[in-house]
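Novice: Take a look at the following structure, please.
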Amino acid sequence: MAEPKVVHSTFVLERNFEQPAKVVFEAFSDPEKARRWYAADRSNEVEEFAQDFREGGLQRIVYNMGPQTPFPGVPLENEGRFQEIVPNERVVIASTMKIGGHRISVTQATFELLPTSEGTELIFTHQGAFLPGSDGPAMREGGWNVLLDRLKAVIAAGEA
């Protein structure tokens, strides 16, 4: 039997926020706030960030990978469509990622915001098809851990 060339993976990450779901949701819905945690990173040079936050709307991020990355100077593109948006409760986005023009993955990301007595619990579920030449599930999970930590820091600092 032949080995599959596509690796499928699902992982779930959680974060707790002291702020209500409305504040956390604004970090997704406001393009400037989303850029702060999702795209702005001192290790990469953002070329483009566009977000049309509505069901069917496009989110597009293009940046050149920084010198500390495995591919310095190589462009990374992430393009997704918002599949479902329930204010203060849920965001689902389906996206593709390319490195140097080569598609490496097709994913679905679900962000669920659950009210708690202390604020909000975020449950993030990532379902991915990693294509040949991709970063793979372990690196992607590590990347999302970094992004969710930045989201938490931005919200805690009152920037969101």
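Just so it is clear, none of the values below were taken in a lab; they were calculated from the coordinates. The shown structure was predicted, so the numbers you read here are calculated from the model rather than taken from an experiment. As a convention, Cβ positions derive from the backbone with ideal geometry for all residues, glycine included, and neighbour counts pool all protein chains shown.
Novice: Cross-link candidates for K5: which lysines have Cα within less than 26 Å, leaving aside residues fewer than 8 places away along the same chain?
Specialist: Partners within reach: K98.
Novice: For the pair E84 and E3, what calculated FRET efficiency results from E = 1/(1 + (r/R0)^6), where r is the Cβ-Cβ distance and R0 = 25 Å, to the nearest 0.05?
Specialist: In this case the efficiency is close to 0.15.
Novice: In percent, what relative contact order does the chain have, based on Cα pairs under 8 Å that are 6 or more apart in sequence? Kindly include the intermediate steps, with their values, before the conclusion.
Specialist: Values: 338 pairs, mean separation 45.0, N = 160.
Relative contact order for the chain comes out at 28 percent.
Novice: Stretched out fully, how many nm does the piece from E32 to W144 gain, at 0.36 nm a residue minus the Cα gap?
Specialist: That pair, E32 and W144, stretches by 38.4 nm at full extension.
Novice: Give me the net charge for the shell around E118: Cβ to Cβ below 14 angstrom, other residues only, Lys and Arg +1, Asp and Glu -1.
Specialist: Once positives and negatives cancel, what remains is -1.
Novice: Further question on the same structure: What's the center-to-center distance, using Cα atoms, between the range 96-160 and the range 1-79 in Å?
Specialist: 7 Å
Novice: Select one label from (i) 1.27; (ii) 1.04; (iii) 1.13: the one whose number is Cα Rg over 2.2 N^0.38 Å as derived from the coordinates shown.
Specialist: After the calculation, the listed value that fits is (ii).
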